[in-house]
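Just below is one structure, and these are the notes that go with it.
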Ligand SMILES: Cc1cc2nc3c(=O)[nH]c(=O)nc-3n(C[C@H](O)[C@H](O)[C@H](O)COP(=O)(O)OP(=O)(O)OC[C@H]3O[C@@H](n4cnc5c(N)ncnc54)[C@H](O)[C@@H]3O)c2cc1C
């Protein structure tokens, strides 16, 4: 039996819901209209300690498991908010926790836990290489006690609301490594110092109100002590963090999915056309029932991934499958919710179109679902690698 089936985490749900009640639909709608950042909401979550859920108590966090952390993310989305504004603060620190030196952990983790510092950004994707991460062209060359960074990143989120970023760069040219996954390193970059001193930020206006940017590096200097772990191991370190990220994204999608089902169910019971509630038509009820079942099924995989992760067992397949199934289920729920709101689904005041745009992102980011098919085909089914 999985954790989520014998534990409903009701205390966490109640507490997060109560905080979210202070930030109703109108709050997120207005932020979306203004293309703003939900600063007050993120501050409240931080003050309440929710974003420090995964930081061990010795560093000032609450030392909870991934299951509990996932409930926090789920509830935010289930209440109509968007965890995408701040989920990086919850999981980016995992790289430091797992691979940072004792000094780095002592320096950063307590301040991240208290919210004094935000580590909301992770710079991996590049415009010319996309998902083919081992081909990244951003380089970090060691010169004395510094690394000098040159290159470009794209779609790097929350830069304008973060103090630090984890950056992946090549430290040994691709041509000089045995395996293409070798020779990349990760650094912690102080964004407050970097901007204007070798790093330029260009915001990308996009379909979701998601603060994301292009970054240009021209001789950005990073102190050598900001290297995390061993030089050349960065790609592996990034991969180590993906299972937590994917499972948390799955939980956000589950939260979205239940939000869509709640809203559409309520609406189709009330909306009367042709002399009866539209939900009485099987053509309306069945797709909603189907979407609901798919969310419930995806949720089981989410709990399985959490359970394995929290037991320190391999969970790559389950975390990937949870992200795939949950993002697919939330997208189907979004579609039925929009469809059965008829024209009103397109009106901003119903919030359906906003959530519809928000949940669509997870088909593509942080990893495209096609790449999850590739992972399962190769690593679970033993099929030949396709790229
Ligand atoms: C709003 C937003 C926020 C983001 N935030 C961040 C961030 O904070 N940090 C960061 O590093 N990145 C971030 N990303 C980038 C995101 O991780 C990438 O967009 C995603 O991984 C896909 O990469 P790509 O856009 O380069 O697509 P590409 O690699 O160009 O692929 C395009 C599409 O082609 C298909 N495809 C590609 N290769 C294959 C293949 N081998 N087999 C089958 N299908 C394939 C996939 O369907 C994919 O969606 C963000 C993206 C968005 C849109």
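The values are calculated or read from the model by the stated rules, or taken from the named source; none is laboratory data. Keep in mind it's a predicted model, so treat the numbers as computed, not measured. For neighbour counting, all protein chains shown are included, and Cβ atoms are generated from backbone atoms with ideal geometry for every residue, glycine included.
Consider region 229-252 and keep the residues that are away from the ligand (no atom under 16 Å from the Cβ) and over 13 Å from the mean Cα position of the chain (by Cα). The one that is surrounded by the fewest Cβ atoms within 10 Å (Cβ to Cβ) is 230. For region 116-168, filtering for residues that are in contact with a helix residue (DSSP H, G or I) (Cβ under 9 Å, 6 or more places away or on another chain), outside any loop (DSSP other than H, G, I, E, B), farther than 18 Å from residue 95 by Cβ and within 10 Å of the ligand (Cβ to nearest atom) leaves 0.
Each residue in region 336-371 was checked for being more than 23 Å from residue 30 (Cα to Cα), in contact (Cβ under 8 Å) with a residue 40 or more places away in the chain, within 10 Å of the ligand (Cβ to nearest atom) and part of a helix (DSSP H, G or I), and 2 pass. Just so you know, in region 229-265 the residues that are assigned to a helix (DSSP H, G or I) and in contact with a strand residue (DSSP E or B) (Cβ under 7 Å, 6 or more places away or on another chain) include one that is farthest from residue 96 (Cα to Cα), and it is 235. Quick one: which residue in 144, 183, 151 is at pLDDT 95 or above and over 30 Å from residue 372 (Cβ atoms)? Being at pLDDT 95 or above and over 30 Å from residue 372 (Cβ atoms) holds for just one of 144, 183, 151, which is 144.
Could you please find all residues in region 169-194 being closer than 24 Å to residue 109 by Cα and assigned to a strand (DSSP E or B)? The answer is 169, 184, 185, 186, 187, 188, 189, 190. Quick one: would you say residue 300 is in contact (Cβ under 8 Å) with a residue 40 or more places away in the chain, in contact with a helix residue (DSSP H, G or I) (Cβ under 9 Å, 6 or more places away or on another chain) and surrounded by fewer than 22 Cβ atoms within 10 Å (Cβ to Cβ)? In short, yes. Is at least one residue of region 275-296 in contact with a strand residue (DSSP E or B) (Cβ under 8 Å, 6 or more places away or on another chain), assigned to a helix (DSSP H, G or I) and farther than 19 Å from residue 254 by Cα? Yes, the conditions are met somewhere in region 275-296.
A quick yes/no check of all residues on (1) away from the ligand (no atom under 16 Å from the Cβ); (2) under 21 Å from residue 260 (Cα atoms); (3) buried (at least 19 other Cβ atoms within 10 Å of the Cβ):
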residue	(1), (2), (3)
12	yes, no, yes
17	yes, yes, no
23	yes, yes, yes
55	yes, no, yes
64	yes, no, yes
67	yes, no, yes
72	yes, yes, yes
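In region 187-210, the residues that are under 16 Å from residue 224 (Cα atoms) and touching a residue at least 60 places away in the same chain (Cβ under 8 Å) form Cβ pairs under 9 Å with partners that are part of a helix (DSSP H, G or I) and within 13 Å of the ligand (Cβ to nearest atom), at six or more places apart or across chains, as follows: 188/95; 191/159; 191/160.
Here residue 147 fits the description: buried (at least 21 other Cβ atoms within 10 Å of the Cβ) and within 18 Å of residue 220 (Cβ to Cβ).
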